[in-house]
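Read through the structure below, which is laid out as structure tokens, and then see the notes.
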Amino acid sequence: CHLIHYLRLSHHLIVLNYLIGTFDKLKSVSSEHINITDAVFDGVEVRVFEPPAKQDETLKRSVVYIHGGGWALASARTSLYNNLCRIMAESLNAVVVSVEYRLVPEVCFPEQFHDALRATKHFLHPDVLAQYSVDPSRVAISGDSAGGNLAAAVCQQLSKDEHVTIRPKLQALIYPVLQAFDFNTPSYQQNTNMPVLPRYVMINYWIDYFNGNYDLAHSLLINNHTALDVSQALSFRGRLNWTSLLPSSFKKNYKPVIQTTGKAEIIQKIPALLDVRAVPLLAENETLQLQPKTYILTCENDVLRDDGVMYAKRLENAGVEVTLDHFDDCFHGCMIFTIWPTNFSAGIQTRNSYIRWLHENL
């Protein structure tokens, strides 16, 4: 992919997605007991997983699921997410709507957010919920990694939209990416070169999402974009102070990286770095107070661990009931790896814990 990108034969993310799709065709996932259909919700493609109706049942609960992949990779139709959503539908006896939002490089922020929001609002319309026999009071919104980012951002937007009459009962975020303000939190420092999602890869995902320039990567890495002399970042600094938001077991002996002098032009070039639709962790307390009961799953071996832990703490401080489900021996992305040849125990463990929480609370 790096060679193809260097030779300008294609965008490397397009090639990587092609390779993922080619490998995925080798897999077969059973769906005997779940009806799987593709639909379009307000111009956005979705895949709907419906369990069979039971004789003594009137309405089902439901989950709107948004897949991960750095806003650039994977699909609601890949076997990994197809399998996850099928098992969710079976285990919860719930209608699962998996959102097929458009990807980088076809579109960049805020289009992924708009796709996820449009599809979710469409599904939450009373007539559509009735069409799928869904209980309006038992809908959750969920997602993993970049999908967790979109789920959190959509949930925040729905909570402020006066025209939305039905809102999610729960949000469930799986190792979500929630901020681009500080790339030197303890988990970023601890897991800098951790496989699956090293720090430089996460920074590149952000740059791609914002249609930015890779030349800015080093400045972002050392937090030049949020230095003390960058006035645009000042009002957000108190909302992401990991020294007060993280427990000592996560802070360990790591020190904050705060530049005295930075580069304000980075924010001018990429204003979305401080846009709460892209970085939900920077939302004001008034918005956080409106969020539903929340589940956040984090993994120790993950640069994004502290994003989830800090969001849990800010929500808790705002009066929201939060379950922080932390796994000391797991890694970023593990929950979808439950199909041979990547059927890892970490995937089964995290998936079961996540589904158990949904079953008990939805």
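The values are calculated or read from the model by the stated rules, or taken from the named source; none is laboratory data. Values in this document were obtained by computation on a predicted structure and should not be read as measured data. Note that each Cβ is placed from the backbone with ideal geometry, even for glycine, and that neighbours are counted across all protein chains shown. To get the accessible areas, we keep the full protein, side chains included, count just its heavy atoms, and leave off ligands, DNA and RNA. Shrake-Rupley method; radii C 1.70, N 1.55, O 1.52, S 1.80 Å.
Per-structure values
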item	result
Nearest 10 degrees, 0 to 90: helix 345-361 Cα axis against the chain principal axis	70 degrees
Accessible-area order (highest first, 1.4 angstrom probe) of the listed residues 33, 114, 332	33, 114, 332
Accessible area of the range 276-330 divided out per residue, in Å², using a probe of 1.4 angstrom	32 Å²
Cut-off 11 Å between beta-carbons: net charge of the residues surrounding residue 219, Lys and Arg +1, Asp and Glu -1	0
Rounded to 10°, Cα long-axis angle of helix 199-209 versus longest principal axis of the chain	70 degrees
Sites residue 42 and residue 259, calculated FRET efficiency, Cβ-Cβ separation with R0 41 Å, nearest 0.05	0.45
(1) 27.4, 96; (2) 19.7, 67; (3) 33.0, 100, with the label sought being that of the calculated Rg and Dmax of the Cα atoms in Å	(2)
FRET efficiency estimate (nearest 0.05) - Cβ-Cβ, residue 234 to residue 317, R0 22 angstrom	0.60
Point-to-point label distance, residue 217-residue 328, nm (Cα→Cβ direction, 7 Å offset)	3.4 nm
Accessible area of the chain belonging to carbon and sulfur atoms, whole % at 1.4 Å probe	51 percent
The range 114-200: C-alpha gyration tensor shape, a/c 1.5 cut-off, then a/b vs b/c	prolate
The chain: angle of helix 146-160 to the longest principal axis, Cα-based, in degrees nearest 10	80 degrees
Gain in span if fully extended, residue 249 to residue 137, counting 0.36 nm per residue against the direct Cα distance	36.6 nm
Pairwise label distance in nanometres, residue 165 with residue 107, each label 7 Å out on the Cα-Cβ vector	2.7 nm
Net charge contributed by nearby residues that have their C-beta within less than 12 Å of residue 45 (K/R +1, D/E -1)	0
Neighbour net charge for residue 320 - beta-carbon separation under 10 angstrom, K R +1, D E -1	0
Accessible-area order (highest first, 1.4 angstrom probe) of the listed residues 45, 321	321, 45
